[in-house]
Amino acid sequence: MTSLFDQTQAAVAHIRTVTAAQPTIGIILGTGLGGLVDHVDVEHSIDYATIPHFPVSTVESHKGRLIFGTIGGHSVVVMQGRFHLYEGYSAAQAAFPVRVMKLLGVRTMIVSNACGGMNPLFRRGDVMLIDDHINLLGDNPLIGPNDDRFGPRFPDMSEPYSQHLLSLAERCALSLKLKVHRGVYVAVAGPNLETRAEYRFLRTIGADVVGMSTVPEVIAARHMNMDVLGISIITDECFPDSLQPVRLEDVLAAAAIAEPNMTALVREVLANL
Ligand code: HPA
């Protein structure tokens, strides 16, 4: 079996047959940031299915493409479609594209997601900058042999989300007159939403929002010393004492409402980076 590093190099070698781009910023488009693609001057688009060792997305609302282009004067690589544990992937597989980004030259990662809000001050459609996370996925992308070419065996996690990027994003939000929260994201495997008892538990252990992605990619990014900015859209209110049933349509509708704000914020951050 080839090593993770060899697999990553094979994926990069294929990408290099298509583009010589030198992106320094990687963007993972979660639910609610898809519209950012319209602001990218696209140079190349590569289907995940054609890249060696790349997982293939099974979620219908996500497309599976790696996009190369420029936005706000930066050369970027954009993941249109990401991988979740509930699809059957391991955390290491979900983080594989981040490994590829690193070997392409990416130093800063911007990652977005949809999540449920448990902090009673948060409302559906609000945007939260991720300040910290809790990994309850039951998996970790770093399990297995460590390759020192990626990073250390026991990477530090005292600042998973760059305080510098967080401050910048808050300044950008202020200049755009956008309300943003700052808080803790807890990742669970899903795919079911949580019970009332689980929301109560997750809130009690210190989380403001809950979702099913992002943490594998962020752990791998920090393993490789990339700076991370994480942004969440609150798509449903998860207050255990007044919990309402949630439908996927409602989640997607809330994400669509917040999308222009999220897109404007990321564009402003990129313009000031
Ligand atoms: N729980 C977990 N993941 C989610 C939720 C939720 O309530 N909403 C959107 N993603």
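The table that follows gives values for the structure above.
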| read-out | value |
| --- | --- |
| Net charge over other residues, Cβ less than 13 angstrom from the Cβ of VAL209 (K, R count +1; D, E count -1) | -3 |
| Of all accessible heavy-atom area on the chain, the percent that carbon and sulfur account for (1.4 Å) | 52 percent |
| Solvent exposure of the chain as accessible area per residue, Å², 1.4 Å probe | 43 Å² |
| Span-like helix ranges in the chain, DSSP H, alpha carbon extent 30 angstrom or more, Kyte mean at least -1.0 | 248-271 |
| Semi-axis lengths, Å, region 116-273, gyration tensor of Cα atoms, sqrt of 5 times eigenvalues | 26, 22, 13 |
| Estimated dipole of the chain in Debye, rounded to 20 [Cβ of Lys and Arg +1, of Asp and Glu -1, Cα centre] | 280 debye |
| Rel. contact order, % - alpha carbon contacts under 8 angstrom, at least six apart, the chain | 26 percent |
| For ARG124, net neighbour charge (Lys/Arg +1, Asp/Glu -1) across residues whose Cβ lies under 12 Å away | -3 |
| Rg to Rh quotient for the chain, alpha carbon positions, Kirkwood Rh | 0.94 |
| Rg(Cα)/(2.2 N^0.38 Å) for region 1-151, N = residue count | 1.07 |
| Heavy-atom SASA rank of TYR48, TYR89 (probe 1.4 Å, accessible area, largest first) | TYR89, TYR48 |
| Segments 117-128, 244-255, 94-105 sorted - mean Cβ within 10 Å per residue, highest first | 94-105, 117-128, 244-255 |
| FRET E, pair ARG149, ASN192, Förster distance 41 Å, beta-carbon r, rounded to 0.05 | 0.60 |
| Summed side-chain charge close to GLY26 - residues other than GLY26 whose Cβ falls under 10 Å, Lys, Arg +1, Asp, Glu -1 | +1 |
| Accessible area, probe 1.4 Å, largest first, for residues ASP156, ASP241, ASP47 | ASP241, ASP156, ASP47 |
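The values are calculated or read from the model by the stated rules, or taken from the named source; none is laboratory data. Worth saying up front: this structure is predicted, and the values here are computed from it rather than measured. When we count neighbours, we look across all protein chains shown, and the Cβ atoms used for this are built from the backbone with ideal geometry, even at glycine. Areas reflect the complete protein model, heavy atoms only, side chains present, ligands, DNA and RNA absent. Shrake-Rupley method; radii C 1.70, N 1.55, O 1.52, S 1.80 Å.
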